[in-house]
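**Q** One structure, pasted below without further comment.
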Amino acid sequence: MASKNRPDRLQVGKNHSFWQSWLHAWTGLKTVVIEERNMRTHLALGAVALFAGWWVHLSVNEWLWLALAIFLVILCEINNTIAENLSDMITGPNFSPLAKKIKDIAAGAVVFAAAFAVLVGLVLFGPKVWNLVVSWLR
């Protein structure tokens, strides 16, 4: 990111304003979406879940659980990306058992969060889908 005062130089100091900090954060979010296929998958599945929630008329409390599940998966995926990039930066092209361990643990956190999201989805949507199926069969 170019410095606010010198656009031709990379910024190495503190941010000069809230908006500069916001721009860096937004750039980070765009980067993880552009560079990480799994993030795009999580976002797409989150959008499907949001549409499904709208379709079945979730209550406020149900919306909160759904939002928690979606955000938890996205946060874990962001942290997984951070762990992968830091490990790669430190080890370079060389294999490191410790870097592999770090990456595996971070990926495990994503799987754990995704399992929670599936559980939340089953609890929220299972009864509603079941009622729709039963009403169609009558």
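**Q** Under a Cβ-only charge scheme (Lys and Arg +1, Asp and Glu -1), can you give me the dipole magnitude of the chain about the Cα centre, in debye to the nearest 20?
**A** Approximately 200 debye in magnitude.
**Q** With every protein chain present, what is the per residue accessible area of the chain (1.4 Å probe, Å²)?
**A** 74 Å²
**Q** Return a whole-number percent for the relative contact order of the chain, with Cα pairs under 8 Å and 6 or more residues apart as the contact set.
**A** In percent, rounded to a whole number, it is 22.
**Q** Using the Cα centre of region 73-138 as the reference point, and only Cβ charges (+1 on K/R, -1 on D/E), how large is the resulting charge dipole? Debye, rounded to the nearest 20.
**A** Values: 5 positive and 4 negative charges, 65 e Å.
Rounded to the nearest 20 debye, it is 320 debye.
**Q** Compute the FRET efficiency between Gln11 and Val111 as 1/(1 + (r/R0)^6), taking r as their Cβ-Cβ distance and R0 = 35 Å, and round to the nearest 0.05.
**A** Working: r = 36 Å, r/R0 = 1.02.
In this case the efficiency is close to 0.50.
**Q** Using packing as a proxy for protection, rank 24-31, 97-104 so that the peptide with the highest average count of other Cβ atoms within 10 Å comes first. The partial results should precede the final answer.
**A** Working: 24-31: 11.4, 97-104: 13.1.
Those peptides, ordered most packed to least, come out 97-104, 24-31.
**Q** Let me ask another. Using the Cα centre of the chain as origin and beta-carbon charges of +1 (Lys, Arg) and -1 (Asp, Glu), tell me which of Gly28, Thr81, Ser17 is placed farthest towards the positive end of the dipole.
**A** Ser17
**Q** In debye, nearest 20: dipole of region 9-82 around its Cα centre with unit charges on the Cβ of K, R (+) and D, E (-)?
**A** Approximately 340 debye in magnitude.
**Q** Rounded to the nearest 500, what is the 222 nm mean residue ellipticity of the chain from helices alone, with -39500 (n - 2.57) per DSSP H run of 4+ residues and division by all residues?
**A** -28500 deg cm²/dmol
**Q** At a 1.4 Å probe, what is the % contribution of carbon and sulfur to the accessible area of the chain?
**A** Answer for the chain is 71 percent, counting heavy atoms of protein chains only.
**Q** So how much slack lies between Val60 and Val123, counting 0.36 nm per residue of separation and subtracting their Cα-Cα distance, in nm?
**A** Here the segment from Val60 to Val123 would lengthen by 21.2 nm.
The values are calculated or read from the model by the stated rules, or taken from the named source; none is laboratory data. All values derive from a computational prediction rather than experimental measurement. Methodologically, a virtual Cβ is constructed for each residue, glycine included, from the backbone with ideal geometry; neighbour enumeration extends over all protein chains shown. The accessibility values were calculated without ligands, DNA or RNA, using every heavy atom of the protein model including side chains. Shrake-Rupley method; radii C 1.70, N 1.55, O 1.52, S 1.80 Å.
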